[in-house]
Amino acid sequence: MRLFHTPGSPYARKVRAAIHVLQMTDQIELIKVDLADPPAELMAANPLGKVPALVTPDGVAIYDSPVIIDYLSELTDSHVVVPSYGATRWLSMKQQALGDGIADAAIFIRRLARANVPADNAMAQAQFRAIRRSIDLLEVRVPGPHPDVGKLAIAAALDFLNRVGMETDWAASHPALARWFDTFMQLPCMTESA
Ligand SMILES: N[C@@H](CCC(=O)N[C@@H](CS)C(=O)NCC(=O)O)C(=O)O
């Protein structure tokens, strides 16, 4: 299988980390793409032109990141990354939505900045508030230690904020979440997928 990705994408990071947890690294070839000049193969696989996108040996394209992780989990008949049912599943799904949503907001803010929209613009400010509310919630509902898809999404999103230098004081003002993040980032799935 081939995974189109960029090293910097938080969604691709989540998928690479899931691949590690599922012990599928030797079955998936990582194809790094330049989103400024996306290859025809990526466009053929995903009409949205976004990464990550997975192509199976039969040529079937799978996107977006939650679907890829669900697909790989089913292939391996594993519920380690995507819990199968009940409260554990829904918490994990919800955490994935929150983590991906933080990443969505951060990416939107960066797009506005690239288009020379000032940071105090109402659209940007609404996205900053969404990120702050999400981080505040995570401080009172600190994620657990198990690397399921929810925790992978949250860790990938927080790491993305750190890497792009956005909301960089979140760790100082959210000590419980910062402790979780520091420990979680030491897991092999996170160090190996960086
Ligand atoms: N919901 C998608 C989001 C994917 C996404 O937005 N990827 C960004 C990179 S971080 C992208 O490919 N952007 C290129 C574009 O929008 O043209 C997922 O979870 O996979």
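The values are calculated or read from the model by the stated rules, or taken from the named source; none is laboratory data. Just so we're clear, the structure is a prediction, and the values are computed from it rather than from any experiment. Note: ideal-geometry Cβ built from the backbone for every residue, glycine included; neighbour counts use all protein chains shown. Ligands, DNA and RNA are stripped out before the accessible areas are found, and what is left, the full protein with its side chains, is counted by its heavy atoms. Shrake-Rupley method; radii C 1.70, N 1.55, O 1.52, S 1.80 Å.
Taking the range 84-114 as the range and being over 22 Å from Leu158 (Cα atoms) and open to solvent by less than 80 Å² (accessible area, probe 1.4 Å) as the test, the residues that pass are Ser84, Gly86. Among residues of the range 119-139 that are farther than 13 Å from Gly99 by Cβ, those with a Cβ under 9 angstrom from a residue that is open to solvent by 50 Å² or more (accessible area, probe 1.4 Å) and acidic (Asp, Glu), sequence gap 6+ or separate chain, pair up as Gln127/Asp104. Within the range 19-63, the residues that satisfy the criterion of being among the hydroxyl-bearing types (Ser, Thr, Tyr) and either closer than 21 Å to Ala153 by Cα or not in a loop (DSSP other than H, G, I, E, B) (or both) are Thr25, Tyr63.
One residue stands out in the range 71-81 among those that are touching a Leu at 6+ places or on another chain (Cβ under 9 Å) and not in a helix (DSSP H, G or I): the one that is nearest to the ligand (Cβ to nearest atom), namely Val81.
Residues in the range 36-70 that are away from the ligand (no atom under 11 Å from the Cβ), among the β-branched types (Val, Ile, Thr) and buried (at least 18 other Cβ atoms within 10 Å of the Cβ): Val55 alone. Screening Val80 with (1) outside the structural domain of Lys14 (by TED's automatic domain parsing); (2) β-branched (Val, Ile, Thr); (3) open to solvent by less than 50 Å² (accessible area, probe 1.4 Å) gives one miss only, at (3). If the condition is being touching a Ser or Thr at 6+ places or on another chain (Cβ under 8 Å), among the aliphatic types (A, V, I, L, M) and open to solvent by 10 Å² or more (accessible area, probe 1.4 Å), then the range 152-194 contributes only Met185.
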